[in-house]
Amino acid sequence: MSVHADQKPWTVPALAEAKRAGRRMAMLTAYDAGFARAIDDAGIDLVLVGDSLGMVVQGHGSTLPVTVADVAYHTAAVARGLRRALLLADLPFQSDATPARALDASVMLLQAGAQMVKLEGAGHKLEVIRFLAQRDIPVCAHLGLTPQSVLALGGFKVQGREEAAAARLLADAQAVAEAGASLLVLECVPTPLARKITANVDIPTIGIGAGPHCDGQVLVLHDLLGLDSGHRRPKFVKDFLAEGGSVAGAVRAFAEAVRSGAFPSAEHSYA
Ligand code: KIV
């Protein structure tokens, strides 16, 4: 039986309540029903069908080859495994290039079982966020290292290190919240900047390589389980299987470390 069987299923409004209450959220990716059930039972709050599936499931070198149909397929499988966690699904590369395209893709993902869609960037994406939010489609924004921009960025690098870039990132975070996003993933951002953003936006932040001061943390499931994806292992990755001893133990160890603030430590963060 689930360790959280007595707890209510997560909803979108509950995210803001968690931030107000200072209750940190633990989020993991999942791509199939079996792992979805296991991580839901182990007490994970938010589950993401990330376009990271292109790298860890399909074996590509980036997330660019992933299609809406791919994400919808995995979303439907994951949805069948969840009882309590809130399910997010990624809008893959260029499926959110225009508001109309993003609406079509979001409808597919919500009809597959997602409760929120995630999209990368600000700039012209603000119009997309606004368009979706006005149509009652919950949106999670994703700033910092945005892997769909890997070609333009020149690689998977920490973002917001220089003063001007940090100021831009803070302004973008406030703009996505203003446009109607309900949640914000911050990836590969120096700890002080992520802390400042978290303190200066009304919506919860979920960090990955963004230090311990975010309102929650996310990891790719394969990274948490210490699987070698064939790609360089980022500094923020921690193998929780080593200390957890089983899949359920690893997920529980991650969730507890997130809630207590023990993860990420300085060793898994960027100064
Ligand atoms: O695709 C993904 O798994 C993600 C997480 C790393 C946040 O976007």
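Spacing of the modelled spin labels on residue 33 and residue 167, each 7 Å from Cα toward Cβ, amounts to 5.3 nm. Taking all Cα pairs closer than 8 Å and separated by 6 or more residues, the relative contact order of the range 149-266 comes to 17 percent. Note on residue 242 and residue 14: their simple-model spin labels are 3.3 nm apart, each label 7 Å out from Cα toward Cβ. The trypsin sites (Lys or Arg not before Pro) of the range 68-155 that DSSP puts in a loop, and whose beta carbon has at most 16 other beta carbons within 10 Å, are 83, 135. What percent of all Cα-Cα pairs in the range 151-217 falls into each 5 Å bin, going from 0 up to the bin containing the maximum distance? For the range 151-217, the pair-distance distribution reads 4, 20, 29, 26, 15, 6, 0.
For residue 85, what charge total do you get from the other residues with a beta carbon under 9 Å from its beta carbon, if Lys and Arg give +1 and Asp and Glu give -1? Working shown, then result.
On the way: positive: 83, 84; negative: 40, 45.
Net charge around residue 85: 0.
Could you check how much of the accessible area of the chain is carbon and sulfur, as a whole percent, using a 1.4 Å probe? Whole-percent figure for carbon plus sulfur exposure: 53.
In percent, rounded to a whole number, the relative contact order of the range 12-268 is 19, using alpha-carbon pairs under 8 Å and six or more apart. Of the residues 181, 197, 49, the one whose Cα sits farthest towards the positive end of the charge dipole of the chain is 197 (charges of +1 on Lys and Arg Cβ, -1 on Asp and Glu Cβ, taken about the Cα centre). Binning the alpha carbon pair distances of the chain at 10 angstrom intervals from zero yields the distribution 7, 33, 41, 18, 1, 0, expressed in whole percent.
Between residue 174 and residue 127, the distance separating the two model label sites (each 7 Å from Cα on the Cα→Cβ line) works out to 2.3 nm.
Within the assembled protein chains, the solvent-accessible surface assigned to residue 93 is about 70 Å², based on a 1.4 Å probe. Excluding ligands, DNA and RNA, the accessible surface per residue across the chain is 42 Å² with a 1.4 Å probe. Length gained on full extension, residue 151 to residue 136: 2.2 nm, using 0.36 nm per residue less the C-alpha separation.
For the chain, modelled as a Gaussian network with Cα springs under 10 Å, which listed residue fluctuates most, 172, 32, 228? Taking springs between Cα atoms under 10 Å, the residue moving most is 228. One chain, two ends: residue 7 and residue 232. Fully extended at 0.36 nm per residue, the span grows by 77.2 nm beyond their Cα-Cα distance. For the chain, modelled as a GNM whose springs connect Cα atoms under 10 angstrom apart, the maximal fluctuation among 159, 115, 94 occurs at 94. Between the range 227-262 and the range 39-71, what is the separation of their alpha carbon centroids in Å? With the range 227-262 and the range 39-71 each reduced to a Cα centre, they are spaced 17 Å. Computed per residue of the chain from DSSP H runs no shorter than four, each worth -39500 (n - 2.57), the mean residue ellipticity at 222 nm is -12000 deg cm²/dmol.
Would you mind giving the average projected area, over all directions, of the Cα convex hull of the range 153-271 in nm² with one decimal?
Average of the hull's projected areas for the range 153-271 equals 7.8 nm².
The values are calculated or read from the model by the stated rules, or taken from the named source; none is laboratory data. In this text, all values refer to a predicted model and were calculated from it rather than measured experimentally. Cβ atoms come from the backbone with ideal geometry, glycine included; neighbour counts cover every protein chain shown. We work out accessible area using only protein heavy atoms, side chains counted, and drop any ligands, DNA or RNA first. Shrake-Rupley method; radii C 1.70, N 1.55, O 1.52, S 1.80 Å.
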